[in-house]
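The values are calculated or read from the model by the stated rules, or taken from the named source; none is laboratory data. Quick caveat: nothing in here was measured; it's all calculated off a predicted structure. Please note: Cβ atoms are built from the backbone with ideal geometry, for glycine as well, and neighbour counts cover all protein chains shown.
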Amino acid sequence: MKQGKKYFISVAGNIGSGKSSLTRMIANELGWKPYFESVQNNPYLSDFYKDMKRWSFPLQVYFLSHRFHIHKEIISLKKSVIQDRSIYEDVEIFARNLYTMGRMERRDYNNYRNLFEEMTAYLQAPDLIVYLKADLQTLLKQISKRGRDFEKSIEKKYLERLNRSYGQWIKNYNLGKVLVIESDDIDFVSNKKHFSHILSLIKKNLK
């Protein structure tokens, strides 16, 4: 890493993979500005998990709008930034899955994709995507541990499908560098050595 240079990192991963925690820790360690996913103030999320088909399209449009606004702000800043989930995950992981599961209509999905492609054509991709790869049992454990009421109804099959989509997306991602962190057997929140190892890998990939 070069002193004085601006860096832009996005932490990617499934629900419960630890993105927010890693984002916060790296921001604190490096003195970077963090940007977090809009969850607590999201007007659709609770309804979505109760009825995905009804609320999938408005939820995805909300996320797209929010992340587009944040991404533009990130690009305009002069200081380094780390972001909890990128705008690219919205279409390639979540919207695609909702469509293939029959929980988003074709016309809504096509409308969403067209909007996404128009918006992202104006954006600069992150310098590095840090992907927290976790299996289903790790995700379920983490989701249960944080105890969000609206996440209690998440289906295992939904998480499994998201994991498969993440694997495919990461394999084909070509907008910048990717760092895959196998997170099932590490605890970067409680173990300083684990966190230091991740931090050193990030710094190495930003050289």
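Given the conditions (1) touching a strand residue (DSSP E or B) at 6+ places or on another chain (Cβ under 9 Å); (2) surrounded by 14 or more Cβ atoms within 10 Å (Cβ to Cβ), and given that I143 satisfies all but one, which numbered condition is not satisfied?
(1)
Any residue in the stretch 141-151 that is at pLDDT 90 or above, among the acidic types (D, E), more than 27 Å from N205 (Cβ to Cβ) and assigned to a helix (DSSP H, G or I)?
Initial filter on the stretch 141-151 (at pLDDT 90 or above): none.
Within the stretch 141-151, not a single residue is at pLDDT 90 or above, among the acidic types (D, E), more than 27 Å from N205 (Cβ to Cβ) and assigned to a helix (DSSP H, G or I).
Yes/no matrix, rows are residues, columns are (1) of a type in the set (G, A, S); (2) surrounded by fewer than 12 Cβ atoms within 10 Å (Cβ to Cβ); (3) part of a strand (DSSP E or B):
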position: Y109; (1), (2), (3): no, no, no
position: L132; (1), (2), (3): no, no, yes
position: Y158; (1), (2), (3): no, no, no
position: R161; (1), (2), (3): no, no, no
position: S190; (1), (2), (3): yes, yes, no
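So, in the stretch 22-54, how many residues would count as being in a helix (DSSP H, G or I) and of a type in the set (S, T, Y)?
Going through the stretch 22-54, the residues in a helix (DSSP H, G or I) turn out to be 22-30, 45-50, 52-54.
From the residues that got through so far, the ones that are of a type in the set (S, T, Y) too are 23, 46, 49.
Qualifying residue count for the region: 3.
All but one of (1) of a type outside the set (S, T, N, Q); (2) under 19 Å from the mean Cα position of the chain (by Cα); (3) surrounded by 13 or more Cβ atoms within 10 Å (Cβ to Cβ) hold for E182, so report the exception by its number.
The failed condition is (3).
Could you check M104 against (1) outside any helix (DSSP H, G or I); (2) within 19 Å of the chain's Cα centre (by Cα) and say which number it fails?
(2)
Looking only at the stretch 61-95, how many residues end up being of a type in the set (V, I, T) and either over 17 Å from N114 (Cα atoms) or in contact with a Gly (Cβ under 7 Å, 6 or more places away or on another chain) (or both)?
Here is the first cut: in the stretch 61-95, the residues of a type in the set (V, I, T) are 61, 70, 74-75, 81-82, 87, 91, 93.
Those still in the list that are either over 17 Å from N114 (Cα atoms) or in contact with a Gly (Cβ under 7 Å, 6 or more places away or on another chain) (or both) too: 70, 74-75, 81-82.
The qualifying residues number 5.
If you take the residues in the stretch 70-100 that are basic (K, R) and crowded, with 20+ Cβ neighbours inside 10 Å, which one is nearest to K203 (Cα to Cα)? Spell out how you get there, then give the answer.
Residues of the stretch 70-100 that are basic (K, R), as a first pass: 72, 78-79, 85, 96.
Restricting the remaining residues to those that are crowded, with 20+ Cβ neighbours inside 10 Å gives 85, 96.
Working: R85: 19, R96: 32 Å.
Looking at the filtered set, the residue picked out is R85.
So F116 passes all but one of these: (1) buried (at least 17 other Cβ atoms within 10 Å of the Cβ); (2) under 18 Å from the mean Cα position of the chain (by Cα); (3) over 22 Å from I9 (Cα atoms). Which condition number does it fail?
Tallying (1) buried (at least 17 other Cβ atoms within 10 Å of the Cβ); (2) under 18 Å from the mean Cα position of the chain (by Cα); (3) over 22 Å from I9 (Cα atoms), F116 fails exactly one: (3).
From the list L128, L132, L179, pick out the single residue that is free of Cβ contacts under 8 Å to residues at least 60 places away in the same chain, touching a helix residue (DSSP H, G or I) at 6+ places or on another chain (Cβ under 7 Å), under 26 Å from L30 (Cβ atoms) and hydrophobic (A, V, I, L, M, F, W, C). Let's see the steps before the verdict.
Values: L128 fails: free of Cβ contacts under 8 Å to residues at least 60 places away in the same chain; L132 fails: free of Cβ contacts under 8 Å to residues at least 60 places away in the same chain.
Among L128, L132, L179, only L179 is free of Cβ contacts under 8 Å to residues at least 60 places away in the same chain, touching a helix residue (DSSP H, G or I) at 6+ places or on another chain (Cβ under 7 Å), under 26 Å from L30 (Cβ atoms) and hydrophobic (A, V, I, L, M, F, W, C).
Would you pick out the residues in the stretch 37-55 that are buried (at least 17 other Cβ atoms within 10 Å of the Cβ) and not hydroxyl-bearing (S, T, Y)?
The answer is E37, L45, F48, M52, W55.
Any residue at all in the stretch 55-69 that is more than 22 Å from L206 (Cα to Cα), of a type in the set (D, E, K, R) and part of a helix (DSSP H, G or I)? Working first, answer last.
The initial filter retains those residues of the stretch 55-69 that are more than 22 Å from L206 (Cα to Cα), namely 55-69.
Then keep just the ones that are of a type in the set (D, E, K, R); that gives 67.
Now narrow it down to the ones that are part of a helix (DSSP H, G or I): 67.
Looking for residues that are more than 22 Å from L206 (Cα to Cα), of a type in the set (D, E, K, R) and part of a helix (DSSP H, G or I), one finds at least one in the stretch 55-69, hence yes.
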